[in-house]
1. Return the residues of segment 6-31 that are aromatic (Phe, Trp, Tyr) and surrounded by 10 or more Cβ atoms within 10 Å (Cβ to Cβ); say none if nothing qualifies.
2. Going by what's in this entry, would GLU33 be described as at pLDDT 95 or above and of a type outside the set (A, V, I, L, M)?
3. In segment 36-62, how many are at pLDDT 65 or above and of a type in the set (Val, Ile, Thr)?
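The values are calculated or read from the model by the stated rules, or taken from the named source; none is laboratory data. Everything quoted here is computed from the prediction, not taken from an experiment. Heads up, the Cβs are rebuilt from the backbone with ideal geometry, glycines too, and the neighbour counts pull from every protein chain shown.
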Amino acid sequence: MPTKTTAAAPWQELEKQAYHAYREWHLWLALRERELAERGAAGRAGQRAPGAAPAAERPERTSNEGVTS
């Protein structure tokens, strides 16, 4: 005798997708940031003069920077 399959409610598939998206968003974010960094580096490399040196990195800000006593 074939097994009886129940029709899933329309919202159940959406709920399942939302659950997986929530669990995996940090992975997607890391991959997206890497992709954007690669695109930005490639775009900046094309705009630079052939012999120009890359710009120095910005120094990190300290938590008390800009605070006056």
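1. Filtering segment 6-31 for residues aromatic (Phe, Trp, Tyr) gives 11, 19, 22, 25, 28.
Residues satisfying the conditions are TYR19, TRP25, TRP28.
2. Values: at pLDDT 95 or above: yes; of a type outside the set (A, V, I, L, M): yes.
Yes: the conditions hold for GLU33.
3. Initially, segment 36-62 is screened for residues at pLDDT 65 or above, giving 36-45.
Filter once more, keeping what is of a type in the set (Val, Ile, Thr): none.
So the count comes out to 0.
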